[in-house]
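Engineer: Below is the structure I would like to discuss, written out as structure tokens.
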Amino acid sequence: MPVPDFSPGEVLTAAAMDSIGLWLVKTQTVGTTVSSVTVTGAFSADYDNYLITYNGIAGSANTVLRLTLGSTSSQYYYGFIYQSLGSATINGLQGQNQASWFYAVPSTTNETAGSIELWNPFLTKRTSVRSNHTEFVTTGAVGQFVGYLNNTTSYTAFTLTPNAGTITNGTIRVYGYRN
Amino acid sequence: MSKPNIQIDDLVREMTDEEYADLLATGWTLEGTDETPSDS
């Protein structure tokens with residue numbers, strides 16, 4: 001049974017299903033002109049590590065979506081390496097003990113798409129994060145965001161909050177990497 | 001002036017006074033200038 005090329009009517013064994021590495025946990029549609037969106041039930045004991053994708057989120061302003069876990073508003077550490085389109089210069093920003101992972105997700109008036117990876121959010125261990133930051137702006141920034149949350153709290157939810165204005169539309173999907 | 005909406009899963013509602021105060025305390029404004037890092 002070549003995975004993942006199953007045949008119609010084929011009996012799927014536990015071994016075949018267990019070999020699937022990525023499982024959809026949740027799909028969340030973003031509403032209209034909201035100042036934040038919280039996705040609950042995203043993390044659980046089922047998975048240690050997660051992939052979050054977002055598509056079609058349109059901001060009322062060109063800004064960022066602050067990423068936070070649970071109700072935690074401190075101890076976010078990060079580095080952000082980026083290049084502004086039209087410039088050859090590589091820039092860096094960093095944050096220590098911040099209130100969010102500030103640059104993890106861009107928000108522009110053009111609909112934004114990208115992904116976030118999280119390791120350990122449900123475990124009582126420090127959580128690390130990596131995301132691609134791609135602004136859909138001709139002179140916008142593109143770069144890689146990495147960081148960690150310096151506590152050992154277990155989380156089940158995350159929130160995206162525009163630093164200014166509101167967001168409308170789009171889909172957020174949460175996937176779990178099979179342990 | 002009405003307060004902005006907050007979304008928790010599929011529920012979208014207007015923020016409470018306390019939630020709005022907390023949001024403003026973070027520096028949030030309704031009308032943002034271009035705050036993308038390319039302007040940093």
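None of the figures in this text is laboratory data; all of them are computed from the coordinates on show. Predicted model only: the values in this text are computed from it and were never measured. Here the Cβ positions follow ideal geometry from the backbone for every residue, glycine too, while neighbour counts run over all protein chains shown.
Engineer: What fraction, in whole percent, of alpha-carbon pairs in segment A:132-179 exceed 12 Å separation?
Structural biologist: That fraction is 82 percent.
Engineer: Rounded to a whole number, what is D in µm²/s for segment A:65-168 from Stokes-Einstein with the Kirkwood radius over alpha-carbon pairs (37 °C, 0.692 mPa s)?
Structural biologist: Answer from the Stokes-Einstein relation: 233 µm²/s.
Engineer: Let me ask you something else. Report the paramagnetic label zone for A:LEU12: residues of segment A:152-174 whose backbone N is under 15 Å from a point 7 Å from Cα along the Cα-to-Cβ axis.
Structural biologist: Under cut-off, by backbone N: nothing.
Engineer: Return, for the Cα atoms of the protein assembly as shown, the radius of gyration and Dmax in Å, separated by a comma.
Structural biologist: 18.3, 62
Engineer: With N set to the number of residues, divide the alpha-carbon radius of gyration of segment A:117-158 by 2.2 N^0.38 Å and report two decimals.
Structural biologist: Against the compact-globule rule of thumb, the ratio is 1.47.
Engineer: Rounded to the nearest 500, what is the 222 nm mean residue ellipticity of the protein assembly as shown from helices alone, with -39500 (n - 2.57) per DSSP H run of 4+ residues and division by all residues?
Structural biologist: Using -39500 (n - 2.57) per qualifying helix, the result is -1500 deg cm²/dmol.
Engineer: Moving on. When the Karplus curve 6.51 cos²θ - 1.76 cosθ + 1.60 is applied with θ = phi - 60°, which whole-Hz ³J(HN,Hα) does each residue of segment A:101-113 get, with x for Gly and Pro?
Structural biologist: 8, 5, 9, 4, 10, x, 9, 10, 5, 7, 4, 9, 9
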